[in-house]
């Protein structure tokens with residue numbers, strides 16, 4: 001079998017599908033895919049040729065690629081008729097409805113900029129995003145419209161509002177009225193590959209978030225990275241193409257589309273001709289039904305979502321034999337969940353994990369298949385064209401095995417933060433994005449993320465990386481969920497505390513068992529000095545990350 005480097009060399013050679021070229025982006029030489037689509041509009045126009053192929057399933061209703069194209073074209077023409085110009089910002093806020101996806105493609109087809117609104121935001125947060133982005137139009141569902149008064153929309157300068165799956169009020173257009181124009185034509189626009197396509201607000205846990213400005217190249221690169229890693233895996237396994245038409249892939253999508261992982265996953269699925277299934281809200285039992293009924297091939301989400309399926313008491317009552325891939329991301333993945341996938345599906349389901357941020361247009365590092373089974377605690381190898389280095393406080397590159405901050409360079413990095421030049425300058429150095437994550441690289445080039453630098457516990461001069469402690473805790477059967485935090489300590493500065501959700505109510509009296517187990521697997525200074533048994537689910541943000549600030553406030557004086 002050829003080596004990974006030999007396969008990559010062949011796939012990226014001149015004339016090959018994944019040929020690389022060096023382009024100048026804001027004064028930085030970047031390796032980019034020469035043969036990839038230039039814009040997201042190009043991606044959709046190619047996808048629309050699939051006609052009657054199923055594109056989206058929601059509440060057991062099927063929307064085809066052709067039906068989607070008719071609505072996208074009508075919406076695009078309507079927005080232009082309302083005065084939305086190329087480069088204008090159009091905000092979208094709703095659940096994972098089909099209309100979210102159609103709105104995204106319509107916006108990209110006219111060269112406007114999608115402003116993604118977090119569906120959990122309240123009125124003041126929505127006001128901030130609309131004001132910061134300068135959005136001139138909004139497309140929302142009924143729930144979001146209820147949070148946006150007419151006065152709010154007028155104050156922030158929105159001149160066009162459209163509502164889907166909700167009642168239209170005076171001054172607001174109904175989705176069905178806008179998209180029923182079967183004679184509409186897509187406007188002609190000239191979009192550059194490095195034009196801004198989206199503004200996605202980072203999931204900060206304090207203060208107002210920053211709007212990461214992503215380009216068409218960023219998103220197209222993300223798609224091509226996924227295609228390339230699949231090609232690498234196929235060639236290294238020796239799988240020869242059969243030449244026979246492949247059946248359509250069916251994907252259950254659980255990441256919110258307003259989050260970078262959800263948006264990139266949706267884009268990639270569309271580009272690949274996948275049938276996408278979503279739910280009104282996450283329901284593990286219904287997910288099992290959907291996987292069985294529609295023979296879902298690929299399923300993924302934040303670790304808590306995936307775990308709720310893997311550990312579901314009725315899992316074995318459903319036929320899950322169609323699954324080929326289960327992916328996780330958006331938060332640290334406990335190695336034991338990868339072990340469950342390996343054993344529960346007898347090695348027939350490939351696990352996947354991606355490491356990336358909003359600022360890197362989702363994953364720039366990936367671990368999949370056999371490599372993931374071999375290194376369950378690694379997020380994987382950087383994608384081709386992406387460079388990753390580990391640096392110290394001075395920005396100097398550290399040798400393999402040493403922990404420092406992860407810096408990322410490549411065509412996935414966004415242009416910066418919308419209207420925030422100083423914040424952009426702090427986060428980017430000559431094209432290198434400072435992730436804020438602490439990690440290290442082993443001698444094989446695999447990346448290991450150990451914690452957010454800001455969340456690291458500094459105990460008596462020793463750095464304690466919370467993920468390392470959490471990984472040990474997750475190995476215990478009595479631990480359903482957990483988070484490790486630092487609490488103030490008079491002598492040590494901080495002490496290590498574990499907030500644990502027990503697998504059953506009776507587990508809350510087993511603190512000593514938890515401490516003893518940690519002591520067997522961790523250095524003494526890493527063992528939690530306090531264990532809190534949390535009643536109910538841990539607080540999390542929209543991307544699945546535990547809100548450790550809330551936990552610190554909750555348990556500081558307990």
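Every read-out reported here was derived from the displayed coordinates using simple, explicitly stated rules and does not represent laboratory data. Worth saying up front: this structure is predicted, and the values here are computed from it rather than measured. Here the Cβ positions follow ideal geometry from the backbone for every residue, glycine too, while neighbour counts run over all protein chains shown.
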Relative to the chain, whose Cα atoms define the longest principal axis, helix 216-237 and its Cα axis are tilted in degrees, nearest 10, by 60 degrees
Cβ density ranking, 10 Å radius, fewest first, applied to 526, 394 yields 394, 526
Extend 7 Å from the Cα of residue 525 along its Cα-to-C-beta direction; within segment 486-508, residues with backbone N under 13 Å of that point are 492-496
Taking Cα atoms only, helix 284-294 is inclined relative to the longest principal axis of the chain by an angle, in degrees rounded to 10, of 50 degrees
Expressed in nanometres to one decimal, the distance between label points 7 Å along Cα→Cβ at residue 152 and residue 397 is 4.8 nm
CD proxy, 222 nm, the chain: helix-only mean residue ellipticity via -39,500 (n - 2.57) per DSSP H run with n ≥ 4, per residue, nearest 500, stands at -9500 deg cm²/dmol
Relative contact order in percent for segment 40-214 (Cα pairs under 8 Å, 6+ apart) equals 23 percent
Nearest 10, in degrees from 0 to 90: the angle of helix 98-109 to the longest Cα principal axis of the chain is 70 degrees
Here the percent of antiparallel bridges among DSSP beta bridges lying wholly in the chain, to the nearest 5, is 60 percent
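Gain in length, residue 512 to residue 443, computed as 0.36 nm per residue apart minus the alpha-carbon separation, to one decimal in nm?
Value of the extension gain: 21.1 nm.
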So, with points 7 Å from each Cα along the Cβ direction, the residue 19-residue 554 label distance in nm works out to 5.6 nm
Per the rule of 0.36 nm per residue minus the C-alpha distance, extending residue 123 to residue 462 adds in nm 117.8 nm
Rounded to the nearest Å, the spacing of the alpha-carbon centers of segment 207-283 and segment 416-475 is 25 Å
With 0.36 nm assigned to each residue of separation and the Cα-Cα distance removed, residue 49 to residue 64 gains 4.3 nm
A correct fewest-to-most ranking of 109, 264 by other Cβ atoms within 10 Å would be 264, 109
Convex hull around the C-alpha positions of segment 457-555: the volume in Å³ per residue is 98 Å³
Simple spin-label estimate for residue 547/residue 314, 7 Å along Cα→Cβ, in nm, reads 3.0 nm
Put in order of increasing Cβ neighbours within 10 Å, starting from the fewest, 44, 120 give 120, 44
In units of 2.2 N^0.38 Å, the Cα radius of gyration of segment 40-214 is 0.99
Sorted largest first, the Cα spans of segment 77-142 on the principal axes come out in Å as 30, 26, 15
Using the Kirkwood radius over Cα pairs of the chain, the Stokes-Einstein translational diffusion coefficient at 20 °C and 1.002 mPa s, in µm²/s and rounded to a whole number, is 87 µm²/s
Mean separation of Cα contacts under 8 Å (at least 6 apart) over the residue count of segment 457-555, i.e. the relative contact order in percent, is 27 percent
